[in-house]
Amino acid sequence: MAKEKTLYTCTECAATSPRWLGKCPGCGAWNTLIESVAEAPGAGKNRLSAPQYAGLTQAQAVTPLAAIEATEVARMASGIEELDRVLGGGVVEGGVALIGGDPGIGKSTLLLQAMDALQRAGLPTLYVTGEESGAQVALRSRRLGLEASQVNVLAEIQLEKILATVQATQPAVCVIDSIQTMYSDQLTSAPGSVAQVRECAAHLTRLAKATGIAVILVGHVTKEGAIAGPRVLEHMVDTVLYFEGDTHSSFRLVRAIKNRFGAVNEIGVFAMTERGLRGVSNPSAIFLSQHSEPVPGSCVLVTLEGTRPMLVEIQALVDSGGPSPRRLSVGLERDRLAMLLAVLHRHAGIASSDQDVFVNAVGGVRISEPAADLAVLLAITSSLRARALPKGFIAFGEVGLAGEVRPAPRGQERLREAAKLGFTVAVVPKANAPKKPIAGLTIHTVERVEEAMQVVRGLE
Ligand code: TYD
Ligand code: MG
């Protein structure tokens, strides 16, 4: 059989070229051409059909929205509560989930545990491993204490064989670990290339939709932290989950950044133990480091992740820098940090242009919400002045370019959580002031950055 013709398609504008080119002839973008399979001639002709031929293609029936029965999606709860929470209640029939994260963070471990739980709940499962041998997976399952596990394992990387096996064995849930190791016969490029990843994911997605099998894809991440392969991978699937956390600490976060069947930004919290990942059902205090006395450069933030408030310590170190001072942040956006330093200078008169500024969210947690701004600023000024914030202090609130402090969503809930954990002093945006006082918590409300600085000085 002749090899199917390959074509190079631009990932930006979808222009095609018969040869690989560095620059796209369509939109002029660089390095965007990727190999793809040329469509069969028959299919090609259809696409060319001019309006005068439109009548030759059979029209399809259309249905008004109201006439379509809106059935709730069928879910299979894995029984691993924290995972079900991020998925929005469980694995969805015919749904495709993509789970990404750094190597060694626990993707394979979590999925093996989830597959075993589903299998024990009576659902047939298939675990396709392209990275490890069956023996290695078995070894891991023994470590996890899953001696009698009935999960079916297939060590295979060729897509066509996997599709045939899935169709023959009819599992309810199928894990592909990982999508970057799979390759299709149809393409000549190597496994892991953009074309292969896209092609394999497309086939597996089609399989899920056609058969109702839930497919979970494991994806590698690039150095920048995005899932390797084309962006279309994230568009193709129903759910995108990211594993976060510091591999040196035992806590792991699984965050939903896209979910067609549930809330986004919901997180599941796990602790890595010698027997696999354990759910942490009450995670609000795990991202605090233990200082016996308050130290300069540390401010606790109440952040709201999904539906749960969590307390996270923000640490800052401001130290005299060289001719071009550095601004580094871990777990927080660096651009946001630069903006906050500018606001601090302009509106509170606190200059740091000759200082190195380092900011860190404790425990490897990533904070994307702007409600962290005020805590970041207070940690920075605390370090700059070498004065610790008072004991039991928390803050949250978004800071705007005009120096205003804007409210954070669901402020009362955040304050109540802080009070529950024994915090006693809070600086929050004015609009977040609770209507009734919260027992044990003194609340200072502020409208502007300079006001916040004043309040804090008054507390020292
Ligand atoms: P793994 O699931 O293989 O990571 P990924 O698939 O994301 O690359 O996780 C491996 C890490 O987890 C490894 O560093 C060892 C650790 N681990 C434990 O601490 N306890 C355990 O029970 C298991 C199975 C792994
Ligand atoms: Mg793995």
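The values are calculated or read from the model by the stated rules, or taken from the named source; none is laboratory data. Predicted, not measured: the structure shown is a model, and the values here were computed from it. When we count neighbours, we look across all protein chains shown, and the Cβ atoms used for this are built from the backbone with ideal geometry, even at glycine. Keep in mind that these areas ignore ligands, DNA and RNA; they rest on the heavy atoms of the full protein, side chains included. Shrake-Rupley method; radii C 1.70, N 1.55, O 1.52, S 1.80 Å.
A few comments on the model shown:
- Identity of the residue in the range 130-187, among the hydroxyl-bearing types (Ser, Thr, Tyr) and within 14 Å of ligand 2 (Cβ to nearest atom), that ends up farthest from the chain's Cα centre (by Cα): Ser133
- Some residue of the range 94-105 being modelled with pLDDT under 95, charged (D, E, K, R) and within 26 Å of Gln158 (Cβ to Cβ): no
- Top-ranked residue in the range 388-404 [being in contact (Cβ under 8 Å) with a residue 40 or more places away in the chain and open to solvent by 20 Å² or more (accessible area, probe 1.4 Å); ranked as farthest from Ile350 (Cα to Cα)]: Lys391
Here is a yes/no grid of residues against (1) in contact with a helix residue (DSSP H, G or I) (Cβ under 8 Å, 6 or more places away or on another chain); (2) within 16 Å of ligand 1 (Cβ to nearest atom):
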position: Gln167; (1), (2): yes, no
position: Val175; (1), (2): yes, yes
position: Ile179; (1), (2): yes, yes
position: Gln186; (1), (2): yes, no
position: Ala201; (1), (2): yes, no
position: Gly212; (1), (2): no, no
position: Gly245; (1), (2): yes, yes
position: Ser249; (1), (2): yes, yes
position: Arg255; (1), (2): yes, yes
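- Residue in the range 313-335 that is in a helix (DSSP H, G or I), more than 16 Å from ligand 1 (Cβ to nearest atom) and either assigned by TED's automatic domain parsing to the domain that holds Asp116 or free of Cβ contacts under 8 Å to residues at least 40 places away in the same chain (or both) present: yes
- Of all residues in the range 278-294 being under 28 Å from Ser141 (Cβ atoms) and open to solvent by 10 Å² or more (accessible area, probe 1.4 Å), the one that is nearest to ligand 1 (Cβ to nearest atom): Arg278
- Restricting the range 268-277 to residues that are assigned to a strand (DSSP E or B), more than 17 Å from Gly89 (Cα to Cα) and more than 16 Å from ligand 2 (Cβ to nearest atom), the residue that is most open to solvent (accessible area, probe 1.4 Å): Thr273
- Count of residues meeting criterion [out of contact with any Lys or Arg (no Cβ under 7 Å at 6 or more places or on another chain) and surrounded by fewer than 24 Cβ atoms within 10 Å (Cβ to Cβ)] in the range 97-107: 3
Residue-by-condition table, conditions (1) in contact with a Pro (Cβ under 6 Å, 6 or more places away or on another chain); (2) in the same structural domain as Leu328 (by TED's automatic domain parsing); (3) within 26 Å of Thr445 (Cβ to Cβ); (4) modelled with pLDDT under 95:
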site	(1), (2), (3), (4)
Gln355	yes, yes, no, yes
Ala361	no, yes, yes, yes
Val365	no, yes, no, yes
Glu369	no, yes, yes, yes
Leu374	no, yes, yes, no
Leu378	no, yes, yes, no
Ser383	yes, yes, yes, no
Phe396	no, yes, yes, no
Val399	no, yes, yes, no
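- Test: residue in the range 236-253 that is outside any loop (DSSP other than H, G, I, E, B), without any contact (Cβ under 8 Å) to a residue 60 or more places away in the chain and of a type outside the set (S, T, N, Q): no
- Subset of the range 443-460 (residues that are open to solvent by 20 Å² or more (accessible area, probe 1.4 Å) and under 21 Å from Leu344 (Cβ atoms)): His444, Thr445, Glu447, Arg448, Glu450, Glu451, Gln454, Val455, Arg457, Gly458, Leu459, Glu460
- Residues in the range 245-259 that are surrounded by 21 or more Cβ atoms within 10 Å (Cβ to Cβ) and within 16 Å of ligand 2 (Cβ to nearest atom): Gly245, Arg252, Val254.
- Subset of the range 303-330 (residues that are over 23 Å from Arg385 (Cβ atoms), buried (at least 18 other Cβ atoms within 10 Å of the Cβ) and either polar (S, T, N, Q) or out of contact with any Ser or Thr (no Cβ under 7 Å at 6 or more places or on another chain) (or both)): Thr303, Leu304, Glu305
- Options Pro407, Pro437; residue that is farther than 21 Å from Gly306 by Cα and free of Cβ contacts under 8 Å to residues at least 40 places away in the same chain: Pro437
- Only one entry in Ile438, Ile443 is at pLDDT below 95 and of a type in the set (Val, Ile, Thr), namely Ile438.
- Some residue of the range 279-300 being in a strand (DSSP E or B), over 27 Å from Val399 (Cα atoms) and within 19 Å of the chain's Cα centre (by Cα): yes
- Segments classed as helices (runs of 4 or more DSSP H), wholly inside the range 80-155, with at least 3 members that are more than 9 Å from ligand 1 (Cβ to nearest atom) and closer than 21 Å to Ser281 by Cβ: 81-87, 107-120
- Qualifying residue in the range 120-128 (condition: open to solvent by less than 30 Å² (accessible area, probe 1.4 Å) and within 10 Å of ligand 2 (Cβ to nearest atom)): no
- The condition (being open to solvent by less than 60 Å² (accessible area, probe 1.4 Å), under 17 Å from Asp116 (Cβ atoms) and at pLDDT 95 or above) is satisfied by just one residue among Val153, Val175: Val175.
- Qualifying residue in the range 373-387 (condition: surrounded by fewer than 23 Cβ atoms within 10 Å (Cβ to Cβ) and part of a strand (DSSP E or B)): no
- The residues of the range 420-442 that are surrounded by fewer than 18 Cβ atoms within 10 Å (Cβ to Cβ) and among the aliphatic types (A, V, I, L, M), listed by number, are Leu421, Ala431, Ala433, Ile438, Ala439.
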